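The values are calculated or read from the model by the stated rules, or taken from the named source; none is laboratory data. These figures come from a predicted structure and were not determined experimentally. Cβ: placed from backbone, ideal geometry, glycine included. Neighbour counts: every protein chain shown. We work out accessible area using only protein heavy atoms, side chains counted, and drop any ligands, DNA or RNA first. Shrake-Rupley method; radii C 1.70, N 1.55, O 1.52, S 1.80 Å.
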Amino acid sequence: MRKQIVIVGAGFAGMWAALSAARLADIHQQAIDITVIAPQPELRVRPRFYEKHVQTLVAPLQPLFDVTGVKFLRGTVERILPGSKEVSWQDANGESHLIGYDRLVLASGSHVNRNSVAGAVEHAFDLDRLESAAELELHLKALAQQPESETRNTVVVCGGGFTGIEMALELPGRLREILGSDAKTRVVVVERGAQPGGRWSKELRDVISEASTALGVEWLVNAKVESVDASGVTLKDGRTLASQTVIWTVGVQANGLTTQIDAPRDRLGRLHVNSELQVVGHDDIYATGDVAYAATDDKGNHALMTCQHAILLGKFAGNNAAASLLNVPPLPYRQEMYVTCLDLGAWGAVYTEGWDQRVKLTREEAKKLKMSIVSELIYPPLAEKATAFDIADPLAPFV
């Protein structure tokens, strides 16, 4: 019987895992069934969900899968059954099916967890999914139909990580477009740390602070959210922020399917993997992207929940899953180069290199690079077999 690789998820890691596995099978001229299970055959460009026109931020995958011999099943995985080496999944009609695997690549991504704060699920917006980001965009546009008030004009962003920063610094310009240039708008970032960007280098923190000041974005540091309701946010120290628009960007967790595999996980729910991206204790299961706790080098650094890491993790996971079936040597995952390119709204952007985040570009120069990365570099390749396979090589150059 033909061997089967099942890939759960069609995000950055899942898409590249499929192409990389297909590439290796093609090189060795051996037939392996490679099947991707996901809700839709499209890449949703999540790193851009803070932008306008969010519904357009998708790229079709079916033509790419067709030319590379990857099978796609539209549905959602419900259960992973390592004992019988099967996956239970539900199709678009709600019917359940079982599919067996010789190798499983878990690339099911991550999600924002709002359950820890009262009212956040009911009253906060997020950028987690295309649907929720589109809901936020419609809400922002509809503010123009509301009566002028401080509550209408104030947006509270909960969390000062990369997603929170990019959203917050995008908002002053967005709100002026919607409410008019004379509207007295207010954007507030609620950050539990002691300073904006406190987890990063001083160089990067200084740029974030400069851009925030220039755009009028306020930071409430050493602040934690107690609850969210229809009128705004209440902080743990009793302060309140009146707002019709609260955006939640904290509490990212690996997809819950990781709990169905009996293996060590980190505090974010990511599965511990070896250098080949095999889940610890499960040689036939590979974890990649946001569900993998993977060392990027020998210096103690681990992959982050970013598309930068997901893309290369996917390529290595797919390659190694196929290699184990083809009896060829695997490639140990390494990604020693780490860069940051952070959009800072109308101020520009900032680009850093290295885990110590040395600032290399700012303002318009960095903005041009940012736009090139998110609108070109991270998108799927053309639906041409040779081109796709060249880029799917884990050792091909990549940022």
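Is it the case that region 338-352 has a residue that's open to solvent by 80 Å² or more (accessible area, probe 1.4 Å) and acidic (Asp, Glu)? Before you say what the answer is, go through the steps one by one.
Within region 338-352, the subset open to solvent by 80 Å² or more (accessible area, probe 1.4 Å) is none.
Among the residues of region 338-352, not one is open to solvent by 80 Å² or more (accessible area, probe 1.4 Å) and acidic (Asp, Glu), which makes the answer no.
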Residue match in region 117-124 (condition: open to solvent by less than 40 Å² (accessible area, probe 1.4 Å) and within 21 Å of residue 55 (Cα to Cα)): yes
Residues (open to solvent by 50 Å² or more (accessible area, probe 1.4 Å) and either among the aliphatic types (A, V, I, L, M) or at pLDDT below 95 (or both)) located in region 358-374: 369, 371
Those residues of region 346-396 which are in a loop (DSSP other than H, G, I, E, B), in contact with a Phe, Trp or Tyr (Cβ under 6 Å, 6 or more places away or on another chain) and under 25 Å from residue 200 (Cα atoms), in sequence order: 355, 357
Residue check, residue 71 of a type outside the set (Phe, Trp, Tyr), surrounded by 14 or more Cβ atoms within 10 Å (Cβ to Cβ), closer than 28 Å to residue 333 by Cα and in contact with a Leu (Cβ under 7 Å, 6 or more places away or on another chain): no
Qualifying positions in region 29-62 - part of a strand (DSSP E or B), of a type outside the set (Asp, Glu) and more than 16 Å from residue 9 (Cβ to Cβ): 32, 60
Pair list, Cβ under 6 Å, 6 or more apart: region 188-216 residue of a type in the set (Asp, Glu), other residue not in a helix (DSSP H, G or I): 191/160; 191/219; 191/221; 203/359
From the options 2, 48, 44, residue that is under 27 Å from residue 279 (Cα atoms), among the basic types (Lys, Arg) and surrounded by 14 or more Cβ atoms within 10 Å (Cβ to Cβ): 44
Residue 114 being charged (D, E, K, R), surrounded by fewer than 21 Cβ atoms within 10 Å (Cβ to Cβ) and in a helix (DSSP H, G or I): no
Residue within region 339-354 that is more than 20 Å from residue 48 (Cα to Cα) and of a type outside the set (Ser, Thr, Tyr) present: yes
Where a residue in region 269-282 is under 15 Å from residue 302 (Cβ atoms) and its partner, wherever it lies, is in a loop (DSSP other than H, G, I, E, B) and not aliphatic (A, V, I, L, M), with Cβ under 6 Å and at least six apart: 272/264; 275/332; 275/333; 277/288; 277/333; 280/264
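Could you look through region 125-146, keep only residues that are among the small types (Gly, Ala, Ser) and open to solvent by 40 Å² or more (accessible area, probe 1.4 Å), and pick out the one that is nearest to residue 176 (Cα to Cα)?
144
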Subset tally (residues that are out of contact with any strand residue (DSSP E or B) (no Cβ under 9 Å at 6 or more places or on another chain) and among the small types (Gly, Ala, Ser)) for region 15-60: 1
Segments classed as strands (runs of 3 or more DSSP E), wholly inside region 147-261, with at least 3 members that are open to solvent by 40 Å² or more (accessible area, probe 1.4 Å): none
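Return yes or no: is residue 328 outside any loop (DSSP other than H, G, I, E, B) and open to solvent by less than 40 Å² (accessible area, probe 1.4 Å)?
Answer is no for this residue.
Quick one: which of 275, 209, 243, 227 is over 27 Å from residue 189 (Cα atoms) and among the polar types (S, T, N, Q)?
Of the residues listed, the single one that is over 27 Å from residue 189 (Cα atoms) and among the polar types (S, T, N, Q) is 275.
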